[in-house]
Every structure is written in structure tokens, then in C-alpha cells.
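Scroll down for the structure; my scribbles are underneath it.
Bear in mind these aren't lab numbers, they're just calculated from the coordinates by the rules spelled out. Small disclaimer: the values here were computed from a predicted structure and weren't measured. All Cβ positions, even for glycine, are placed from backbone atoms using ideal geometry, and neighbour counts span all protein chains on display.
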Amino acid sequence: MYFLNRNRRILQGGVDFNQIDKEWDWDNFLILQALITPLVLYVFPFLRNLHAWNANGLFIALALHVGVSEPLYYWVHKKFHDHYLYTHYHSFHHSSPVPQSFTAANATPLEHLVLTAITGIPILGASLMGYGSLGLIYGYLLCFDFLRYHSLHHSDKDTNFCLFMPLFDALGNTLNANSWQLHRKLSSGKNNGRVPDFVFLAHGVDVGSALHVQFVFRSFASLPFSTRIFMLPIWPGALTVILAMWIWSKTFLISFYNLRGRLHQTWVVPRCGFQYFLPFATKGINKQIEEAILRADRIGVEVISLAALNKNESLNGGGKLFVEKHPKLRVRVVHGNTLTAAVILNEIPQHVGEVFLSGATSKLGRAIALYLCRRKVRVLMLSGSRDRFERIKKEASPEHQSYLVHVTKYQAAQHFPPILAFRRDCTYGDLAAMRVPDDVEGLGCCEVMHSHRALINQLD
């Protein structure tokens with residue numbers, strides 16, 4: 001969950017599609033544990049009747065971990081970095097560049113068996129002494145998900161071989177020189193990281209789409225959206241969370257990637273599509289959007305783009321409400337219409353003196369017409385509504401109004417617009433999709449707006 005741990009991550013890169021594919025079968029480790037557990041219960045039947053909690057077991061397990069498991073793991077781990085074992089086994093685990101909890105389970109069966117035996121020593125030892133408990137088992141194993149010491153090992157694989165105790169790395173002269181400095185920085189929570197160059201301010205679509213985000217199901221988020229029947233039982237729980245976020249949550253970071261040296265982030269307004277059509281909810285939604293814009297301006301974001309319903313004309317005039325309310329904003333507030341207009345205008349040669357514009361009184365047509373008339377380009381605005389044309393014409397400065405001409409027939413154009421060739425990197429199904437640039441880094445979420453954001457980077 002990037003909105004919770006972004007300031008406490010050692011490696012700031014994003015998890016891309018390649019890493020997700022490599023770690024697709026991470027649950028093999030869980031399957032192995034499901035097979036080993038009955039065997040262990042058969043060999044040690046007293047484990048079937050453990051108490052819920054025994055505080056003494058915690059101290060016994062800690063002593064066994066420090067005295068047995070940690071040094072044993074250190075020695076075995078170093079052996080796995082020898083040429084033969086690393087080449088044939090451990091290199092698979094290190095093929096994941098950004099360590100996550102899934103990465104720990106992304107290893108060969110031999111490594112899983114060794115790790116199971118080593119981590120089982122404190123639990124089994126405490127239980128044999130009569131101090132075992134269910135709380136000890138789950139507490140001991142789950143704590144590995146919250147420790148960061150080992151993450152440095154993936155950026156410098158000749159250091160930090162221990163699980164999370166630097167003692168044996170210090171004794172073996174394999175302690176990363178940056179360990180203590182990074183620990184202090186991350187523990188303070190002041191590792192604010194890099195300021196994004198671009199922010200895409202999105203929102204939820206429906207309950208089904210909320211289950212498709214990375215921190216819920218990373219694997220599903222890496223695939224095109226589809227409704228999965230087996231996920232329907234958790235739909236009520238997801239709806240409850242959405243309603244709770246309506247009350248308590250603020251805009252949060254959900255994904256990011258890098259493209260040609262620029263950091264792109266997606267922030268999400270904690271609202272779904274149906275909430276944008278509730279009259280009593282519009283004030284709260286605009287407040288969320290406004291706070292996100294001000295935050296982006298405060299931290300130094302260059303561009304923030306309003307997605308879909310966040311730019312609704314009836315909601316905030318396509319963002320105009322916030323720009324007029326805060327005239328000193330440094331961040332540029334844009335949305336899909338303004339960016340599409342920028343693409344079209346960029347394709348019009350500078351020497352052109354006249355343009356025939358169909359759909360001229362739409363939001364997109366209005367933006368193009370007003371810009372072209374300022375360039376002193378004569379714009380033939382095709383529209384069946386004289387009133388809409390006049391309203392747009394009044395928005396232009398008096399010296400440029402004469403360049404806007406109302407026409408009602410295609411024959412007014414001297415030349416029909418050329419038919420564009422079909423682009424092979426675009427496909428059209430239920431939704432349009434565009435190929436993402438090959439040099440994008442850390443992109444692991446399959447959603448339609450990523451290509452839109454890649455385009456924004458080039459325009460900026």
C-alpha cells in the first residue's frame with residue numbers, strides 16, 4: 001500500500017509487469033506449508049492442542065531465534081550465494097528488483113524447505129518446552145512482513161545476509177555501510193522521497209473496480225479488467241470499505257511509474273462513480289479535489305490532471321472553479337479535453353491560415369477555436385446552434401472575434417480534412433487502448449489511463 005509505506009521503502013522503484021509475472025506463483029510457498037503442516041502435526045501431536053497465547057513462549061522463541069535461527073540462516077544464505085547454488089537456485093529469488101512480501105515466497109522448493117526448517121526452530125522449540133501458542137506461531141511469522149533490514153540485500157547482494165538482526169552481519173563483516181543511516185531515516189518517517197512531476201487524479205468507478213487495484217489483488221490489477229464470479233462473496237465487504245472511506249478517507253496515492261526521467265503518480269479521490277451523481281455529495285467531492293490540487297501545488301508538482309468525473313462541467317467546470325479560486329497556483333490543472341486539444345493544435349502547422357472545425361461548440365472544439373483565433377487563424381466553426389457559437393465568440397477578445405466564423409454546412413470548407421491512416425498500435429474494443437512506451441519503468445497496473453498519462457508526459 002503505497003499510501004502507507006511510501007516514506008518507509010528502501011527501494012523506491014515500482015513493481016512492473018515483469019516482476020509480477022515472475023512472482024505469479026508466489027502462493028506455491030503457501031501450498032507447501034499446507035502440505036507440511038499435517039505432517040508436522042502427525043509427528044508432534046501435542047501441537048494440535050496449543051493455547052491461544054503464552055507470553056513465556058515469546059521469550060523462548062526470541063532466544064532460539066537469536067541463538068539458532070539467525071546464525072543458521074546467515075550461514076545458509078551465504079552458501080546460497082556461492083556460484084553453483086546461486087546460479088541454479090537463488091538467482092531466481094534475486095530476479096525480483098523491488099522486494100515485497102510476495103518476493104519472499106518467490107523462490108525454489110529447496111529454498112522454501114530450508115526457510116521452513118529454520119523459521120520452525122523457535123516455534124517448535126518453545127512448544128517442546130511447553131510454552132507454545134497459536135499467537136506465537138502467527139506473530140512470529142507475520143513479523144517478517146514488517147521488517148526492512150533484509151531489503152538492502154536486494155540492492156547490494158553481498159551484504160545483509162541476516163533476516164533482520166545485524167549482529168552476525170557485523171561479525172562477518174557483511175553489514176551494509178548504509179544500514180544504520182537508512183534505518184534512522186526510514187524510522188523517522190521523514191523520507192519524503194521524490195516529488196512527482198505529474199499527478200493523475202482519478203476516482204473509483206464501482207465496487208468491482210475497487211477490487212481491481214494493486215493493494216487488493218496485484219495479479220488481477222496487472223490484467224485487463226473483467227468481472228470474476230469467485231470475487232462476488234467479498235463484494236459486500238468492499239462496499240462497506242467504500243462507504244467508510246466516504247466518511248473518513250482523504251485522497252491517497254495508489255500507483256506510480258517512471259517515464260524518461262519523470263515520475264508519474266496516480267492519486268485517488270475516495271469516491272465511486274455513483275457518488276458523483278448524488279447532489280448532496282458534490283461539495284465533499286470538490287473539497288477532496290481542491291485539497292489534492294493544493295497539496296500538489298505545495299509539494300511542487302508540475303501538472304495535475306483531473307480524470308473523468310473529477311472534471312465534470314456541472315461539478316467544477318472542468319477544474320475552472322479551483323483555478324479561479326486560487327489564481328496563484330503554480331501547478332497546472334489540466335484534464336483530458338485540454339490535453340487532447342493540445343495534441344490536435346500541435347499537429348496544425350504554423351503557416352495554416354484557415355481551419356474547418358466540426359463539433360466546434362463542444363468542450364474540445366471550444367478550446368481549439370479560442371486558441372486558434374488568438375493565433376489569428378480563421379476558424380470555420382461547424383455547428384447547428386447559433387447561440388452556442390455566439391457564447392464562444394464572446395469569450396474571445398474583441399480583436400480576435402472576427403476570426404471565428406459560424407458555418408452550418410461542410411461545403412463551407414475549401415478542403416475536407418484528410419483521413420488518418422489506421423495506427424497499428426491502437427486497438428478498439430469496449431475501450432480504446434494505446435501502446436505504452438517501451439522505456440516506461442515500474443508500471444504494473446493494467447488500466448486504460450496509463451497510455452493517456454504517457455501522452456501527457458510528452459506534451460508537457
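Within the stretch 278-363, list the trypsin sites (Lys or Arg not before Pro) lying in a DSSP loop whose Cβ has at most 11 other Cβ atoms in a 10 Å radius.
On the way: sites: 283, 287, 295, 298, 311, 320, 325, 328, 330, 332, 363; in loops: 328, 330.
Answer in residue order: 328, 330.
For the chain, the longest principal axis of the Cα atoms and the long axis of helix 282-299 meet at an angle of about 80 degrees.
Axis of helix 55-64 versus longest Cα principal axis of the chain: the two differ by about 80°, to the nearest ten degrees.
Here the extension length gained between residue 170 and residue 81 equals 30.3 nm, from 0.36 nm per residue of separation less the Cα-Cα distance. The length gained on full extension between residue 280 and residue 129, counted as 0.36 nm times the residue separation minus their Cα-Cα distance, comes to 48.2 nm.
Sequence gap at least 6, Cα distance under 8 Å: using those rules, report the relative contact order of the chain to the nearest whole percent. Show your work: numbers first, answer last.
Values: 604 pairs, mean separation 73.8, N = 460.
Relative contact order comes out at 16 percent.
In terms of other Cβ atoms within 10 Å, 352, 377 run from fewest to most in the order 352, 377.
Quick one: 272, 373, 446, fewest Cβ neighbours within 10 Å first, how do they rank? Before the final figure, lay out each step's value.
Numbers: 272 21, 373 25, 446 17.
The fewest-first ordering by Cβ neighbours comes to 446, 272, 373.
Of the peptides 194-207, 240-253, the ranking by mean beta-carbon count within 10 Å, highest at the top, reads 194-207, 240-253. Between the stretch 94-133 and the stretch 342-365, the alpha-carbon centres lie 62 Å apart.
Candidates [x] 140; [y] 216; [z] 202; which is the computed volume of the Cα convex hull per residue in Å³? Structure-derived value, by its label: [z].
What pairs from 320/363; 250/363; 363/394; 283/328; 320/393 go past 24 Å between their alpha carbons? Spell out each step's value before the answer.
Numbers: 320/363 13 Å; 250/363 30 Å; 363/394 15 Å; 283/328 22 Å; 320/393 19 Å.
Over 24 Å apart, Cα to Cα: 250/363.
Evaluated at q = 0.21 Å⁻¹, a Debye calculation over the C-alpha positions of the stretch 8-144 (equal weights, vacuum) places log10 I(q)/I(0) at -1.31.
Computed from Cα positions, the angle between helix 386-395 and the longest principal axis of the chain comes to roughly 70 degrees.
By the scheme Lys and Arg +1, Asp and Glu -1, what is the net charge of all other residues having a beta-carbon under 10 Å from that of residue 338? Mind showing how you got there, number by number?
Numbers: positive: 311, 332, 363; negative: none.
Result for the local shell: +3.
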